[in-house]
Amino acid sequence: MVTVHNQFETQVAQRSLYMQYRHAVAAGTSLPSFAEAGFRVFSQTDEDGILLMLFAAIGMTNRFCVDMAFHSPLEANTTNLICNWGWNGLMVEGDCAAVKYSQEWFLNHPDTRIFPPKVVQSWITAENVNKLLIDNGVAGEVDLLSLDVDGVDIWIWNSLTAISPRVIVLEFMNIWGAEDSVTIPYQADFNRMDFHEDFFGASLSAFVKLGQVKGYRLVGCNRLGYNAFFIRNDIAAHLFPEVTAESCLSLPFPQYARKTRLHAVAHFPWQRI
């Protein structure tokens with residue numbers, strides 16, 4: 001359990017890092033690489049540290065995030081920003097028990113109990129994603145979108161028009177190489193467990209293609225090479241230039257994943273885009 005003392009130390013340490021990044025930007029000196037900046041407070045791997053560096057460099061605006069699908073505050077990309085940086089947001093999750101747990105968790109956390117983020121239960125589809133956001137009072141520019149529904153992710157992003165995230169972090173299928181632009185076919189009620197645990201989502205190259213259409217560039221990934229970070233093209237291209245899919249997929253874990261897991265699902269009905 002995180003004590004108040006440990007929470008205070010975490011917040012002080014992060015603010016010190018934040019100011020170092022701000023000073024580096026002001027001085028025109030290099031920022032750390034994603035591998036150097038990454039660390040975990042609540043995220044699965046090192047996403048919390050990467051997001052801190054990104055927002056220190058490009059600035060925080062409304063400090064609002066949208067998280068699809070938010071299974072738990074633990075191992076989420078948005079919890080650190082909400083608890084330690086005063087952000088708020090809309091968390092969407094399909095599982096009722098997970099929604100109840102998350103609501104109670106934020107109501108019991110000392111930094112969110114007065115004004116917790118909104119956690120709602122909904123199955124997210126390409127057809128309902130915009131209405132879901134608008135019905136919950138979310139529209140226009142937001143600082144961050146986290147997209148990890150383990151399903152029709154690319155179709156949801158393709159349909160998304162209600163919000164304009166400045167930064168997007170999303171999970172991609174790292175079993176595919178940079179030459180493969182593939183996704184699962186669209187099915188509103190898709191559940192990967194009806195097929196195979198590795199038959200879901202889309203390859204990184206497919207997300208890069210869609211990002212280019214929607215005005216976003218790939219700027220890096222987490223240390224295990226399955227969560228990709230995109231920044232809107234009108235924001236800080238001089239600080240975070242576009243990187244290639246190959247640079248993310250050349251990390252050890254994606255190479256291992258491709259060798260050990262692709263064969264089990266390569267014959268499934270992936271759709272090339």
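Data for the structure
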item: Test set (1) assigned to a loop (DSSP other than H, G, I, E, B); (2) farther than 28 Å from Phe39 by Cβ; (3) hydrophobic (A, V, I, L, M, F, W, C) - Met193 fails condition number; result: (1)
item: Any hit, the range 85-95, residues being without any contact (Cβ under 8 Å) to a residue 60 or more places away in the chain, over 18 Å from the mean Cα position of the chain (by Cα) and closer than 27 Å to Ala188 by Cα; result: yes
item: Output for the range 132-146, where each listed residue is of a type in the set (S, T, N, Q) and without any contact (Cβ under 8 Å) to a residue 60 or more places away in the chain; result: Asn136
item: Residues that are more than 12 Å from Ile168 (Cβ to Cβ), polar (S, T, N, Q) and buried (at least 19 other Cβ atoms within 10 Å of the Cβ), drawn from the range 207-229; result: Asn222
item: Tabulated pairs, the range 198-220, first touching a residue at least 24 places away in the same chain (Cβ under 8 Å), second acidic (Asp, Glu) and part of a strand (DSSP E or B), C-beta under 7 angstrom, 6+ apart or interchain; result: Gly201/Glu171
item: Number of the exception - Arg232 against (1) free of Cβ contacts under 8 Å to residues at least 60 places away in the same chain; (2) within 25 Å of Thr61 (Cβ to Cβ); (3) within 17 Å of the chain's Cα centre (by Cα); (4) surrounded by fewer than 23 Cβ atoms within 10 Å (Cβ to Cβ); result: (1)
item: Subset tally (residues that are more than 24 Å from Ala56 (Cα to Cα) and crowded, with 16+ Cβ neighbours inside 10 Å) for the range 239-253; result: 3
item: Hey, Gly220 assigned to a helix (DSSP H, G or I) and either modelled with pLDDT of 95 or more or more than 17 Å from the chain's Cα centre (by Cα) (or both) or not; result: no
item: Odd one out for Leu132, checked against (1) under 26 Å from Thr10 (Cα atoms); (2) part of a helix (DSSP H, G or I); result: (1)
item: Residue check for Asp180: in contact (Cβ under 8 Å) with a residue 24 or more places away in the chain, acidic (Asp, Glu) and surrounded by 20 or more Cβ atoms within 10 Å (Cβ to Cβ); result: yes
item: Some residue of the range 11-29 being assigned to a loop (DSSP other than H, G, I, E, B) and modelled with pLDDT of 95 or more; result: yes
item: Test: residue in the range 122-131 that is over 29 Å from Phe39 (Cα atoms), among the acidic types (Asp, Glu) and free of Cβ contacts under 8 Å to residues at least 60 places away in the same chain; result: no
item: Number of the condition not met by Leu204 [criteria: (1) within 15 Å of Ile175 (Cα to Cα); (2) in contact with a Lys or Arg (Cβ under 8 Å, 6 or more places away or on another chain)]; result: (2)
item: Any hit, the range 28-39, residues being surrounded by 18 or more Cβ atoms within 10 Å (Cβ to Cβ) and either within 19 Å of Pro117 (Cα to Cα) or small (Gly, Ala, Ser) (or both); result: yes
item: Lone qualifier among Leu224, Leu249, Leu239 - being in contact with a Leu (Cβ under 9 Å, 6 or more places away or on another chain) and either closer than 17 Å to Ser181 by Cα or of a type in the set (Lys, Arg) (or both); result: Leu249
item: Any hit, the range 237-260, residues being charged (D, E, K, R), over 20 Å from the mean Cα position of the chain (by Cα) and part of a helix (DSSP H, G or I); result: yes
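Residues checked against (1) assigned to a strand (DSSP E or B); (2) modelled with pLDDT under 95; (3) among the β-branched types (Val, Ile, Thr); (4) surrounded by fewer than 19 Cβ atoms within 10 Å (Cβ to Cβ):
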{"residue": "Asn62", "(1), (2), (3), (4)": "no, no, no, yes"}
{"residue": "Ser72", "(1), (2), (3), (4)": "no, no, no, yes"}
{"residue": "Gly89", "(1), (2), (3), (4)": "yes, no, no, no"}
{"residue": "Val99", "(1), (2), (3), (4)": "no, no, yes, no"}
{"residue": "Gly137", "(1), (2), (3), (4)": "no, no, no, yes"}
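The values are calculated or read from the model by the stated rules, or taken from the named source; none is laboratory data. Just so it is clear, the structure is predicted and the values come from calculations on it, not from any experiment. Every residue, glycine among them, receives a Cβ derived from its backbone with ideal geometry; neighbour counts consider all protein chains shown.
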